[in-house]
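First comes the structure, then the notes that go with it.
Please treat every number below as a calculation from the coordinates, not as lab data. Values in this document were obtained by computation on a predicted structure and should not be read as measured data. Positions of Cβ are generated from backbone atoms using ideal geometry, with glycine treated the same way; all protein chains shown enter the neighbour counts.
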Amino acid sequence: MNSRIHPGASRINLRRTQFPRLHLLLASTIAFSVMGMMALLPSGDVEAKRNEIPMSIDAFEPNSVKPDNSKKDDFSAPFAGKMVETTQTEADAKDQAKKAYDLEQQLGTWHTVTIRSGDNLSSLFKAQKISSNVVHQITNTPEFGAALTHILPGQSLEFRINSQGTLTQLRYTKSRLESIFFSKTAQGYQAELIALSPQVKTAFASSTIESSLFMASQEAGLSENLTMELANIFGWDIDFVQDIRRGDSFKVIYEENYLDSEKLHDGDILAASFTNQGQTYTAIRFTDSKGNTDYYSPDGKSMKKAFLRSPVDFTRISSRFNPNRLHPVFKTRRPHRGVDYAAPMNTPIKAAGDGRIQFIGWQNGFGNVVYIQHPNNIVTVYAHANKLANFKKGQKVRQGQIIAYVGKTGWATGPHLHYEFRVNGEHRNPVTVKLPDAAPIAKSEMVNFSQLSGLMISQLEKQSGTMLATQ
């Protein structure tokens with residue numbers, strides 16, 4: 001993509017100005033006075049539970065490509081670190097004004113339309129008196145034309161139409177960071193992608209839980225998305241419905257993306273620690289040489305387990321694993337060999353681990369049910385579903401894939417998921433069974449990971465003032 005200055009852009013004229021010596025002396029005195037006053041003022045960078053961290057993570061990513069800042073674009077080079085004298089005659093100014101006017105007549109003026117709910121491409125172009133033939137040409141522009149068929153509310157289209165009614169240029173702004181620029185040529189239209197890179201800043205947040213993780217996260221300045229990511233990172237070790245206690249705490253280092261000093265959105269969590277009932281868990285984000293990214297404990301073990309502790313987002317456990325339970329329908333002593341998770345109708349049910357569909361369909365008692373066969377003779381069972389996903393017997397499934405939706409089919413008194421965990425045919429308590437770990441970091445990656453892990457742990461300790469667990 002070639003950088004360029006749009007026609008009509010103003011030029012910068014920098015002129016040397018001579019000042020009397022007395023004025024210079026007076027200005028210097030005022031400047032020193034202002035600097036002295038500023039030194040006495042308190043800094044505004046300190047925040048109670050959130051602050052930025054000046055830190056370079058790239059130093060520990062040996063495979064990342066560093067940008068070459070040794071060369072500047074041609075148009076910016078004259079203004080890099082020195083003053084430039086320019087002179088412009090009245091004739092030059094008139095000539096530039098004429099060129100700008102001629103270009104305006106040739107290309108036309110810009111008109112911006114913000115896309116609203118219910119808008120479509122044909123109606124938007126028709127409102128600008130642009131023919132359907134032009135719409136066809138634009139949407140068939142190689143590489144980028146098809147993107148216009150997926151316009152969304154809040155995005156914008158900028159039309160440049162000349163006095164003959166010809167669409168000479170079009171800018172489709174998908175987001176603050178990405179737009180597609182179309183320009184008319186003798187053969188039709190050509191397009192290029194304009195992508196801006198945000199400035200990435202590193203921030204720290206911490207909080208102690210008094211009532212809920214959500215409230216504590218809000219007080220620390222974390223967004224809802226970051227809170228959910230935090231819960232997902234530690235979700236294999238901590239049950240955020242059952243296990244959270246008052247006094248639990250967390251510390252997070254995360255990224256924030258800025259454009260022109262304005263925050264766009266949060267980035268990824270780089271490192272975090274969570275103390276639950278006196279035990280501290282620490283997670284480090286790491287991308288290996290193959291581009292795979294995941295979270296690991298400081299000694300290189302995956303934060304994931306081979307199985308999800310709970311395959312559904314639930315409100316409460318309505319019935320626990322109990323060999324001597326009184327059955328709610330038949331009122332007799334019948335063993336309850338699984339756990340019932342109460343949840344609203346049609347809440348997604350996820351595969352607890354990688355495996356193959358052993359059975360999917362209807363069974364008396366269980367209603368709509370899914371059986372998944374996993375490695376090491378493990379089978380998981382998901383019963384009473386309202387709807388089943390489009391899977392067939394023998395088909396592979398991945399951990400976290402939606403396989404069904406919560407219901408109350410079969411012998412159920414209300415919407416819930418009945419979940420079983422079987423090892424070699426023997427029922428185990430899904431809440432307490434020890435879940436096998438996912439694969440750790442490869443030995444070939446440990447040197448790079450150890451360097452990054454050491455940096456992140458030292459930053460967490462520096463910001464929080466406490467020593468973190470290394471296991």
task = Quick one: what are the phi-derived ³J(HN,Hα) couplings along segment 280-291, Karplus 6.51/-1.76/1.60 with θ = phi - 60°, whole Hz, x for glycine and proline?
result = 9, 10, 10, 10, 10, 7, 9, 10, 7, 5, 8, x
inquiry  = Quick check on segment 316-428: take the gyration tensor over C-alpha atoms, sort the square-rooted eigenvalues as a ≥ b ≥ c, and tell me if it's rounded (a/c under 1.5), prolate or oblate.
reply    = oblate
task = Give me Phe181, Phe307 ranked fewest to most by other Cβ atoms within 10 Å of their Cβ, as a rough exposure proxy.
result = Phe181, Phe307
note = From the cross-link list Lys396/Lys434; Lys350/Lys387; Lys396/Lys443; Lys301/Lys396; Lys304/Lys396, the entries with a Cα-Cα span beyond 18 Å are Lys396/Lys434; Lys396/Lys443; Lys301/Lys396; Lys304/Lys396
request  = Mind giving me the nanometre distance, one decimal, between the label points for Glu178 and Arg246, set 7 Å out from Cα along Cα→Cβ?
outcome  = 4.6 nm
task = Pop out the ³J(HN,Hα) list for segment 202-215 in order, Karplus 6.51 cos²θ - 1.76 cosθ + 1.60 with θ = phi - 60°, rounded to Hz; leave Gly and Pro as x.
result = 9, 10, 10, 9, 8, 6, 10, 7, 9, 10, 8, 4, 4, 5
request  = Mind checking the full-extension length gain between Val447 and Gln190? Use 0.36 nm per residue of separation minus the Cα-Cα distance, one decimal, nm.
outcome  = 87.8 nm
task = Starting at the first residue of segment 447-455, write each ³J(HN,Hα) from the Karplus equation 6.51 cos²θ - 1.76 cosθ + 1.60 with θ = phi - 60°, in whole Hz, x for Gly and Pro.
result = 5, 5, 5, 4, 5, 5, 4, x, 4
message = Quick check: from the Cα gyration tensor, does segment 108-195 come out rounded (a/c under 1.5), prolate or oblate?
response = rounded
key: Relative contact order (percent, whole number), segment 108-195, Cα cutoff 8 Å, 6+ residue spacing   = 29 percent
query = What FRET efficiency do you get for Glu143 and Thr89 if R0 is 30 Å and r is their Cβ-Cβ distance, rounded to the nearest 0.05?
reply = 0.10
query = How much length, in nm to one decimal, is gained on full extension between Asn232 and Leu264, taken as 0.36 nm per residue of separation minus their Cα-Cα distance?
reply = 9.2 nm
Hypothetical label at Gln155: residues of segment 114-132 whose amide nitrogen lies under 19 Å (7 Å Cα-Cβ projection) = 114-128
